[in-house]
Amino acid sequence: MPGPIPTLQVALPVPLPRLFDYLAPDGPAPQVAVGCRLKVPFGNRELVGLVAGHGQLDDGQGLRQALAWADPAPLFQGELWQSLQWLARYTHAPLGEVLSTALPAPLRQGDPLPDTHHWGWQLTADGHAQRDRLRAGSRPRQLAELLADAVVDEDVLGARMEDWRGAARSLAKRGLVERIGLSVAPQHAQPLPGPRLNPEQAAAVAAINSADGFQPFLLDGVTGSGKTEVYLQAIVQCLARGGQALVLVPEIGLTPQTLARFRGRLGIAVHALHSGLNDNERARVWAAAARGEARVIVGTRSAVFTPLPAAGLIIIDEEHDGSYKQQDGIRYHARDFALVRGKALGVPVLLGSATPSLESLHNAHAGRYAHLRLKQRAGDARPPRVRILDVRKRPLRDGLSADVLEGIGQHLRAGQQVLVFKNRRGYAPVLLCHDCGWTAPCQRCDAPMTVHGGGRRLQCHHCGARQPAPLACPACGSLALQPQGIGTERLEEHLASAFADYPVVRIDRGTTARRDALEQQLATLGDRAGILVGTQILAKGHDLPKLTLVVVVGIDEGLFSADFRASEKLAQQLIQVAGRAGRARDPGEVWLQTHHPGHPLLETLVSGGYHPFAQAELNQRQAAGFPPFAHLALLRAEAQQLEHANAFLLAARSLLGEQRAVDVYGPMPAPMPRRAGYQRTQLLLSCAQRPPLHALLDTRVPQLYALPEARKVRWSLDVDPVDLY
Ligand code: ADP
Ligand code: ZN
Ligand code: ZN
């Protein structure tokens, strides 16, 4: 009788909580199979999975043979492999889906690890001959000058010139430059010197440098206090010790300016990882990091999956930022996962923010994070003066009071710039029928559509649906349709007519679809007196030395939200936007226009700043049993029919059973009960300690997949949800 059959246990990107056994493919196998990609048949498809272990089956019935190896050696190994297994356990997601989320698309699809040897550019003979005829000051001319004497490595070009690739492409098309493979490592540019650190900054850098192994730091510094300088100095030391540095930045923080500052100051290639790159570029950076060639990687959320064989330091800038939490698929939190990796790698992890999350503050207070404070603005800049403008009973014109308009005029006439912040894009949040109260609802969501195009178009900000605005009310036929409320477009329209002599530039997600669009729009304003109107996208990015007045309109909606994190988010937003004022020598002012001047949130923020606010908020969270004093998991279900979603959650609820330690609430409608045509309900699990919650999920989540009710719904589990939506 034949003995047991050896198999490969493969993690596949399918929504099933298990590994799959395959026979090894024909032909030579890698020495170490675990961590290698393998192409396998699955149903009538071909999938790329990762070998997670070796197994044995007594019965080979139905066992299929894998098609081919996709790697000669493990793609995942060591710390990253272990950490990703941890992530799969922690998020209770299938390992195969976690691993595939961690890979750039080409690798996920089975492409070989891309080549990362060095490339350089040189002028051709024609290029040398025509160099002087290129238009002076143009990018192609700039590039040609850089190449005048020698071949220049691409990494070095990246450090010396922004967006050199575009110029290289256009010159290559004309036969003036060519790309050649290089055998030697690049010569790096001379790093630019930084400012002399002030004592608080120097103490922070010294603390980070003296960390021995894993140590979390919370760099808690007011806006403009020079946190980025601390990062740069810490990175310089990390590089000097031969370490790799990973820097995570929020989606809106990764600007060409940020990268240029890092490149200039470090004098070596800084590898960017963000959504603006194409898949092959991402895969190249991933490979360069895996080979230890990329020494500094700056990226957004998913850059937390970068392999770091020579890790020395991990930095999370603006650690409170919501974009670090992935809201679909594998719902990981990049900050939290970075901490897990830092611990496994034995390197310091630096969380920086002017408005730390309550979670991080709580950890700092409890002594789990070393708390580094920067209380002063760096250089000459002084903190802005904050004023609350009570607009009760004051007539508002398109949302602006006469005082505000007067103040804006004064700053403009003094040659300064003004930022008007409103966290609502579009023209108006609602189109209202004045006669019957109809409010243009989205057909697929339980929410009104936003008015755009000065009143001509409607758009749903939840599902993306668009349609022309009706001319008459569909409910009663009346023509009295009026945009209600204020969005950035409406503010722009009003300000442009009230201050016709000054440029008004609107910046929100509608106008900055492309990554560098924000920079270009800010550049159109330059140093001229003028007005910026925009959403929180303006809270971060480009330094605006001429900006002396920040006006915040329409914060009132945020003061009374049901979401337990709403106050925290609002306070962070206000402080971040306010931080844009007075970055230079001219003192800045911040005006908050509100109907609730006595609201405790505003009073605490204005009189004491973020920390007293945060402390009060932490006390409330503790009293109410909310995070960080409780640990949550949210089981969401959506279906076209509400009964199906509820049936699944009821079945889930009885599966979860009566647990003493874990409270289960629901099923209850999601805060947005219908979106994109789906009815949405949820079950909330809460527990004062993490272990009992995870112990329960460990045993029960695999059983959820098997519930017959699961077939009729889309469901997901969100551990540590940031939004209860
Ligand atoms: P943050 O990241 O905290 O917002 P930055 O590091 O961007 O602050 O610093 C804000 C501004 O202050 C920058 O223009 C920076 O060059 C400058 N700066 C930072 N540290 C110093 C210092 N020690 N001396 C003088 N200027 C500084
Ligand atoms: Zn009507
Ligand atoms: Zn919608």
Pulled fully out, how much extra length does the chain show between residue 58 and residue 109, if you take 0.36 nm times their separation in residues and subtract their Cα-Cα distance? 15.2 nm
If amide H atoms are modeled at 1.01 Å from N in the peptide plane, then the residues at a separation of 5 or more from residue 310, or on another chain, having amide H under 5 Å from its own are 244
Computed about the Cα centre, the charge dipole of region 199-374 from +1 Lys/Arg and -1 Asp/Glu charges at the Cβ has a magnitude in debye, to the nearest 20, of 380 debye
Relative to 2.2 N^0.38 Å, what does the C-alpha radius of gyration of region 622-725 come to as a ratio? Two decimals please. 1.03
Under 22 Å Cα to Cα from residue 375, which lysines show up? Leave out anything in the same chain fewer than 8 places away. 227, 540, 569
Region 422-563, dipole about Cα centre (Lys/Arg Cβ +1, Asp/Glu Cβ -1), debye to the nearest 20: 380 debye
Restrict the search to region 210-291; then list the trypsin sites (Lys or Arg not before Pro) that DSSP places in a loop and that have at most 11 other Cβ atoms within 10 Å of their Cβ. 241
Using the Cα centre of the chain as the reference point, and only Cβ charges (+1 on K/R, -1 on D/E), how large is the resulting charge dipole? Debye, rounded to the nearest 20. 900 debye
So what are the ³J(HN,Hα) numbers for region 208-217, from phi and the Karplus equation (6.51, -1.76, 1.60; θ = phi - 60°), rounded to whole Hz, Gly and Pro as x? 5, 5, 8, 5, 10, x, 5, 7, x, 10
Cβ crowding within 10 Å averaged over residues, with 570-576, 715-721, 220-226 ranked highest first: 220-226, 570-576, 715-721
For region 356-429, listing trypsin sites (Lys or Arg not before Pro) in a DSSP loop whose Cβ sees at most 13 other Cβ atoms within 10 Å gives 368, 375, 392, 393
Name the residues whose placed amide hydrogens come within less than 5 Å of the amide hydrogen of residue 551, ignoring near sequence neighbours (fewer than 5 apart) on the same chain. 419, 420, 421, 591
Let a ≥ b ≥ c be the square roots of the eigenvalues of the Cα gyration tensor of region 118-182; is it rounded (a/c under 1.5), or, if not, prolate (a/b larger than b/c) or oblate? oblate
Computed ³J(HN,Hα) along region 159-170: with the Karplus parameters 6.51/-1.76/1.60, θ = phi - 60°, integer Hz and x for glycine or proline, the list is 6, 9, 9, 6, 6, 6, 4, x, 5, 5, 4, 5
Does the chain come out rounded, prolate or oblate by the C-alpha gyration tensor, with a ≥ b ≥ c the root eigenvalues, rounded set by a/c under 1.5 and, if not, prolate when a/b is larger than b/c and oblate if not? oblate
Suppose the chain between residue 212 and residue 689 were pulled fully straight at 0.36 nm per residue; how much longer would it get relative to their current alpha carbon spacing? 168.8 nm
Express in whole angstrom the spacing between the alpha-carbon centres of region 8-87 and region 426-450. 51 Å
In whole Hz, what ³J(HN,Hα) sequence does region 688-702 give by Karplus (6.51, -1.76, 1.60; θ = phi - 60°), x for Gly and Pro? 5, 10, 5, x, x, 4, 6, 4, 5, 5, 3, 7, 8, 4, x
Projecting each Cα onto the charge dipole of the chain (Lys/Arg +1, Asp/Glu -1 at the beta carbon, about the Cα centre), which of 252, 25, 5 comes out farthest on the positive side? 252
Exposure proxy check on 610, 705: fewest-to-most Cβ neighbours within 10 Å is 705, 610
Note down the relative contact order for the chain as a percent, whole number, built from C-alpha pairs under 8 angstrom at least six residues apart. 11 percent
Relative exposure of 170, 654, judged by other C-beta atoms within 10 Å (fewest first): 654, 170
Residues residue 672 and residue 603, FRET efficiency given R0 of 35 Å [Cβ-Cβ distance, rounded to 0.05]: 0.70
Quick one: Cα centre-to-centre distance for region 121-171 and region 346-414, in angstrom? 43 Å
Work out the FRET efficiency for residue 257 and residue 414 from their Cβ-Cβ distance, taking R0 = 30 Å, and round it to the nearest 0.05. 0.70
Entries in 39/343; 325/422; 39/173 that, when Cα-Cα distance is taken, lie over 27 Å: 39/343; 39/173
For region 631-719, what's the relative contact order in percent, using C-alpha pairs closer than 8 Å and at least 6 residues apart? 47 percent
Restricting to Cα pairs under 8 Å and 6 or more apart, the percent relative contact order of region 199-374 works out to 37 percent
Please report the base-10 log of the normalised intensity I(q)/I(0) for region 5-108, using a Debye sum with one equal scatterer per alpha carbon and no solvent, at each q in 0.15, 0.21, 0.23 (1/Å). -0.57, -1.13, -1.34
Restricting attention to region 651-725, which trypsin sites (Lys or Arg not before Pro) occupy a DSSP loop and are surrounded by at most 13 other Cβ atoms within 10 Å? 660
Hey, how many Å between the Cα centroid of region 607-653 and the Cα centroid of region 196-269? 33 Å
Value in Å of the Kirkwood radius, where region 523-660 supplies the Cα pairs that are averaged: 18.5 Å
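The numbers here are math on the coordinates, done by the rules we state, and not lab data. Model, not experiment: these values are computed from the prediction. Reconstructed Cβ throughout: ideal geometry from the backbone, glycine too, with neighbour counts over all protein chains shown.
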